[in-house]
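Chemist: Supplied in structure tokens, the structure appears directly below.
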Amino acid sequence: MITLGVILRKIRTARHLIWPLIFQQTARAGSRLLPMFLFLAVALGLLVIGQTVSWLTRVGAINFLGTIMVIVVVRELGPLLAAFLVLARIGTANVIELGTARARGEVEALEALGVDPVHYLVVPRVIGMAVGVSALTVYLILGALVSGYLWAFVQDVPLRPGEYFRQLAGALSGLDFALLAVKTSAFGFIIAIVTCYHGLAQPLRLEEVSAATVRAVAQSVVACVLIDALFIIIYLAV
Amino acid sequence: MDVPPTKPGAAAIEMQAVAVSAMRDQSIQVAEGINWTVAAGDYWVVAGLQGAGKSDFLMMTAGLMPPAQGSYRLFGEEMPIFDEARLNHRLRLGLVFDGGQLLNHLTVWENVALPLLYHESFAETEAHKEVQKLLVALELAPWAESTSGTMSRNWQKRVGLARALALQPEVLLVDTPLTGLDLPHVNWWLALLDQLSKGHPLLQGRPVTLVVTAADLRPWKGRAKQFAVLKNRRLAVLGTWEQAEAAKGELLDEVYE
């Protein structure tokens with residue numbers, strides 16, 4: 001709530017300083033992770049989707065392909081995997097950077113200069129991570145679906161690309177796109193909030209930073225799973 | 001800054017029955033019963049051993065935490081000021097930390113520019129000129145693109161000073177500026193603080209009210225105007241150097257002899 005308040009209240013404050021930081025954090029939690037995400041998308045396609053397509057064909061249930069792919073990859077696996085990877089790569093770095101800054105007295109230095117630490121350190125990370133997780137989830141899903149088809153193609157599954165993507169398109173609804181955007185943003189937001197909180201909230205000593213990182217990761221995972229459960233309820237209710 | 005400057009001699013800092021907590025654990029009190037007034041234009045040195053609470057005292061004075069008890073006013077306004085509408089009032093006071101406390105991911109130039117760019121005190125091009133002026137005046141220009149990790153403590157402290165001066169404070173709190181410095185740097189600091197107290201071109205010749213903490217009073221003889229000692233959780237005001245010498249005894253043993 002504090003972060004949201006600061007975002008709204010200070011949207012026009014120090015734009016020349018804060019907006020570049022937001023772009024920097026978006027690149028850090030987004031485009032710079034693309035190579036790793038594309039590798040993972042291919043792995044996900046090979047390990048899960050390719051095998052699913054192959055088995056559905058063998059049992060004669062290929063008509064369910066679109067629905068299964070949308071439920072498994074678009075709604076669940078893609079967003080959660082993207083969130084956990086960003087947590088591992090950027091969330092942990094957040095706690096370490098902010099915790100070290102806190103332990104070294106840099107946060108007090110910002111306060112002494114009248115620079116709001118939440119505005120300067122947290123807001124760019126929160127916005128950057130929310131945007132980053134959303135964008136990376138889309139790339140992860142697209143990459144996984146394409147590589148999954150390629151894997152099925154290599155295994156001689158009798159499924160044309162047109163039919164494969166027609167089934168996927170048929171199973172997707174406008175709600176899927178809307179909820180995917182909201183859910184992945186929520187994942188990014190909550191990971192950034194939890195990791196920044198553990199880095200900044202309490203005066204830390206340097207030796208306490210590693211414990212704070214472990215706590216932040218555990219709480220972020222639990223928070224993401226709870227958010228995911230909430231969205232499952234929404235999907236079922238709609 | 002849109003706050004009118006205070007006339008020389010008017011009270012800049014007024015503390016009544018103030019108790020100070022430790023910054024790291026505010027349940028611990030490091031000093032209490034502080035009654036202290038600093039007039040605009042004064043030059044104080046507060047001496048004390050390591051662990052006496054000098055840094056916590058300065059941080060409370062800078063408004064980074066409230067007094068545990070008592071009343072503290074800066075230019076007549078109750079501190080601490082967290083209200084953003086009165087931020088300009090709080091920024092009349094600057095703080096130089098013991099180790100500089102530079103943001104380690106920023107270069108020297110970025111560290112000094114940060115407050116100017118954040119508060120949009122100047123247009124961006126003007127801010128660049130201001131930073132350059134500060135770096136040149138404090139002999140930091142060769143370090144402009146360095147980060148704090150590549151610099152010695154001698155230079156880190158100077159960057160901390162440059163960053164505090166960027167906002168043109170009327171009161172400057174300096175935490176143990178001489179500790180851990182090489183002799184040429186010690187002399188540089190003593191001379192510069194002297195100039196700031198009398199009026200430095202960097203601050204348009206306006207004298208700055210100085211409060212400096214130190215572990216040793218001797219280097220400040222003939223420079224600071226007023227002296228105090230922080231010991232046994234009390235701030236003992238000694239007065240001028242002559243008065244401090246006259247009062248020499250158990251209170252001063254550790255920071256004078």
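The values are calculated or read from the model by the stated rules, or taken from the named source; none is laboratory data. Given the structure is predicted, the values throughout are model-derived calculations rather than measurements. Ideal geometry is used to build each Cβ from the backbone, glycine not excepted, and the neighbour counts take in all protein chains shown. Only protein heavy atoms, including side chains, enter the accessible area calculation; ligands, DNA and RNA are left aside. Shrake-Rupley method; radii C 1.70, N 1.55, O 1.52, S 1.80 Å.
Chemist: Average projected area of the Cα convex hull of segment A:51-129, in nm²?
Modeler: So the mean shadow area of the Cα hull is 6.6 nm².
Chemist: Which of A:A88, B:G41, B:T213 sits farthest toward the positive end of the charge dipole of the protein assembly as shown, with +1 on the Cβ of Lys and Arg and -1 on the Cβ of Asp and Glu?
Modeler: The Cα lying farthest towards the positive end belongs to A:A88.
Chemist: With a 1.4 Å probe, what is the total accessible area buried between chains A and B, in Å² rounded to the nearest 100?
Modeler: Chain pair A/B: roughly 2200 Å² of buried accessible area.
Chemist: Give the percent of DSSP beta bridges with both residues in the protein assembly as shown that are antiparallel, rounded to the nearest 5.
Modeler: In the protein assembly as shown, approximately 55 percent of DSSP beta bridges are antiparallel ones.
Chemist: Tell me which residues come under 5 Å, amide H to amide H, from B:L172 once H is placed; ignore anything under 5 positions away on its chain.
Modeler: HN-HN under 5 Å from B:L172: B:G94, B:T209, B:L210, B:V211.
Chemist: List for segment A:82-127: residues with 40 Å² or greater reduction in accessible area, all protein chains versus chain alone, probe 1.4 Å?
Modeler: Buried on complex formation: A:R104, A:E106, A:E108, A:A109, A:E111, A:A112, A:L113, A:G114, A:V115, A:Y120.
Chemist: Would you work out the Kirkwood radius for segment A:7-51? I mean one over the mean of 1/r across all pairs of different Cα atoms, in Å.
Modeler: Computed over Cα pairs of segment A:7-51, the Kirkwood hydrodynamic radius comes out at 13.0 Å.
Chemist: Please state the charge dipole magnitude for the protein assembly as shown, taken about the Cα centre, from unit charges on C-beta atoms (+1 on K and R, -1 on D and E), reported in debye and rounded to the nearest 20.
Modeler: In total the dipole reaches around 800 debye.
Chemist: Once the Cα atoms of helix B:108-118 and of chain B are each reduced to a long axis, what angle between those two axes, in degrees from 0 to 90 to the nearest 10, is obtained?
Modeler: Computed tilt is about 90 degrees.
Chemist: Over segment B:123-227, what is the relative contact order in percent, taking alpha-carbon pairs closer than 8 angstrom and at least six residues apart?
Modeler: Reported relative contact order: 26 percent.
Chemist: Among A:V122, B:V229, B:P80, whose Cα sits farthest toward the positive end of the charge dipole of the protein assembly as shown (+1 at Cβ of Lys/Arg, -1 at Cβ of Asp/Glu, about the Cα centre)?
Modeler: A:V122
Chemist: Let me ask another. Specify which residue in the list A:I7, A:I71, B:A127 is farthest towards the positive end of the charge dipole of the protein assembly as shown, using unit charges on the beta carbon of Lys, Arg (+1) and Asp, Glu (-1), about the Cα centre.
Modeler: A:I71
Chemist: Give the ranking of A:R104, B:R158, B:R218 by solvent-accessible surface, highest area first, calculated with a 1.4 Å probe.
Modeler: B:R218, A:R104, B:R158
Chemist: Another one. Largest first, please: the extent of the C-alpha atoms of chain B along each principal axis, to the nearest Å.
Modeler: 52, 42, 36
Chemist: Sticking with this one: Between A:S220, A:S134, A:S173, where does the largest GNM mean-square fluctuation fall for chain A, given springs only between Cα atoms within less than 10 Å?
Modeler: Ranking A:S220, A:S134, A:S173 by mean-square fluctuation puts A:S173 first.
Chemist: Turning to a different aspect of this structure: So what is the relative contact order for chain A, in percent, with contacts set as C-alpha pairs under 8 Å and at least six apart?
Modeler: 36 percent
Chemist: Let me ask something else. Work out how far the C-alpha atoms of segment B:134-257 reach from end to end along every principal axis, then list the three figures in whole Å, largest first.
Modeler: For segment B:134-257, the Cα extents along the three principal axes come out at 48, 31, 25 Å.
Chemist: Treating each Cα of segment B:78-190 as an identical point scatterer and ignoring solvent, apply the Debye formula and state log10 I(q)/I(0) at q = 0.20 Å⁻¹.
Modeler: Values, matching the q order: -1.10.
Chemist: With a 1.4 Å probe and all protein chains left in place, how much of the accessible area of chain B comes from carbon and sulfur atoms, in whole percent?
Modeler: That fraction is 51 percent.
Chemist: A follow-up question, please. Rule-of-thumb check for segment A:170-238: C-alpha Rg over 2.2 N^0.38 Å?
Modeler: Dividing the Cα radius of gyration by 2.2 N^0.38 Å gives 1.45.
Chemist: Hey, what did segment A:66-167 get for relative contact order, percent, Cα under 8 Å, at least 6 apart?
Modeler: Over segment A:66-167, the number comes to 43 percent.
Chemist: Averaged over all directions, how much area does the convex hull of the C-alpha atoms of segment A:120-238 cover when projected, in nm²?
Modeler: The number I arrive at for segment A:120-238 is 10.2 nm².
Chemist: Let me ask another. Can you list the residues in segment A:2-46 whose accessible area drops by at least 40 Å² when all protein chains are present, compared with the chain alone? Use a 1.4 Å probe, heavy atoms only.
Modeler: A:A14, A:H16, A:L17
Chemist: For the protein assembly as shown, compute Rh as the Kirkwood radius over C-alpha pairs and then the Stokes-Einstein diffusion coefficient at 25 °C and 0.890 mPa s; write the answer in µm²/s, rounded to an integer.
Modeler: The diffusion coefficient I find is 96 µm²/s.
Chemist: Okay, next question. For B:A12, enumerate residues with amide H under 5 Å from its amide H, sequence gap 5+ or separate chain, H modeled in the peptide plane.
Modeler: B:V38, B:A39, B:A40
Chemist: I'd like the residues of segment B:129-176 whose 1.4 Å-probe accessible area shrinks by no less than 50 Å² going from the isolated chain to the full set of protein chains.
Modeler: none
Chemist: Shifting gears a bit: Taking every eigenvalue of the Cα gyration tensor of segment A:1-116, multiplying by 5 and rooting it, what semi-axes result, largest first, whole Å?
Modeler: In descending order the semi-axes read 43, 16, 12 Å.
Chemist: Accessible area, 1.4 Å probe, largest first: how do B:L140, A:L4, B:L178 sort?
Modeler: I get A:L4, B:L178, B:L140, largest accessible area first.
Chemist: So what's the back-of-envelope 222 nm ellipticity for chain B, counting only DSSP H runs of four-plus at -39500 (n - 2.57) apiece and dividing by all residues, rounded to 500?
Modeler: -8500 deg cm²/dmol
Chemist: When all protein chains stay in place, what accessible area (Å², nearest 10, 1.4 Å probe) is found for B:K133?
Modeler: Counting only protein heavy atoms, the figure is 90 Å².
Chemist: Any number yet on Rg/Rh for segment A:142-207, C-alpha, Kirkwood?
Modeler: For segment A:142-207, the value is 1.31.
Chemist: Kindly provide the pair-distance distribution of segment A:77-172 built from C-alpha pairs, with 5 Å bins from 0 and whole-percent values in order of increasing distance.
Modeler: For segment A:77-172, the pair-distance distribution reads 2, 11, 15, 15, 12, 10, 9, 7, 6, 5, 5, 3, 1, 0.
Chemist: So what are the radius of gyration and Dmax for the Cα set of chain A, in Å?
Modeler: Cα only, chain A: 20.4, 69 Å (Rg, Dmax).
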